[in-house]
1. What residues qualify as long-range amide H neighbours of Leu57, i.e. H under 5 Å apart, gap of 5 or more or another chain, H built at 1.01 Å from N?
2. Could you give each residue of the range 242-257 its phi-based ³J(HN,Hα) in whole Hz, using Karplus coefficients 6.51, -1.76, 1.60 with θ = phi - 60°, and x for Gly or Pro?
3. Using Cα-Cα distances under 8 Å and only pairs 6 or more residues apart, what relative contact order does the range 140-255 have, in percent?
4. Using Cα pairs under 8 angstrom and six or more residues apart, how large is the relative contact order of the range 53-111, in percent?
5. What shape does the range 20-97 take by its C-alpha gyration tensor, where a ≥ b ≥ c are the square roots of the eigenvalues and a/c under 1.5 counts as rounded, a/b above b/c as prolate, and the rest as oblate?
6. In whole Å, how far is the Cα centre of the range 136-163 from that of the range 179-200?
7. How big is D for the chain, in µm² s⁻¹ as a whole number, if Stokes-Einstein is applied with the Kirkwood radius of its Cα pairs at 25 °C and 0.890 mPa s?
8. Between beta-carbons, use under 12 Å as the cut-off and find the net charge around Asn95, counting Lys and Arg +1, Asp and Glu -1.
Amino acid sequence: MRGNGSGQPALERKKGHKLTGAGKVYLIGGGPGDPELITLKAARILSESDVVLYDRLINDKILKHCRSDAQKIFVGKTSGNHPVDQNEIHSLLVNYAREYRIISRLKGGDPMIFGRGGEEREFLRARGIECEIVPGVTAACAAAASFSLPLTHREFSSRIILMTGHRREDGASDFAGLSLKGCTAVVYMGVAELESIAANLIEAGNRRDMPAAVIENASLPNQRMITAPLEKIAASAQREKIISPALVIIGETAGLI
Ligand code: SAH
């Protein structure tokens, strides 16, 4: 049955905040940055939330959907600098859910794509707290759209891999041995490791001149893209001083500009 999407009667949810009992947590995708790229459902739930915990990449304009009396709590992380660590975020979510009715956990892009949404959902579920996911436009889609790049293409790419550029805990690279034939790889958090990513891919037999693109601040007014063959992309990104947030697209589709 399609109801109001929250699993609770609308009247009860509108009673306001500080209601005791079990609250519900929404893990909401806030999209890639452009405040118009959030869903109507996300905007509606934000406008009903008692508490909103939001990340670094959330555009201030998105917070305008929040109720004026909502508690807005920044729990952002930057690479290597985690002012509120993940365990603390888990505890905050549980504590707020015990005290308030509607809690939004607002994340950049989509909450379940490199957003630790899975961990938060598990933590909440294990404590009997209801949790619903509201998807968002992930950076891969936004970055491709911003520069009119397709991610699939009947001729060049029948697969997309969304990858993180971070090394695994054991130090191994997901790029070692990876063939990108007929595939587009979209690498999140990959700029710092770009040199070794490209070296691993070339070592794996991918063409040195395979097209690659780095897209910074996709969907925002200051967005920019650089393109180069795979063997030169790391040097180009360094020369152009690409900064976070940026996404790397590697594969034939990155050449379709
Ligand atoms: N859950 C998010 C990803 C979080 S990981 C999503 O679905 O998009 C954070 C990484 O996402 C950044 O380091 C960057 O690689 C990428 N990213 C997020 N927003 C971006 C943007 N506007 N432009 C380019 N890359 C972005």
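The values are calculated or read from the model by the stated rules, or taken from the named source; none is laboratory data. What you see is a predicted model, and the numbers here were worked out from it, not measured in a lab. Cβ: placed from backbone, ideal geometry, glycine included. Neighbour counts: every protein chain shown. The area values use the complete protein model at the heavy-atom level, side chains included, leaving out ligands, DNA and RNA. Shrake-Rupley method; radii C 1.70, N 1.55, O 1.52, S 1.80 Å.
1. Answer set, sorted by chain and number: Gly108.
2. Along the range 242-257, the couplings run 5, 10, 6, x, 9, 10, 10, 10, 10, x, 4, 5, 5, x, 8, 9 Hz.
3. Details: 242 pairs, mean separation 36.9, N = 116.
Once divided by the residue count of the range 140-255, the mean separation gives 32 percent.
4. Worked out over the range 53-111, it gives 47 percent.
5. In terms of gyration-tensor shape, oblate.
6. 14
7. 126
8. Around Asn95, the surrounding residues sum to 0.
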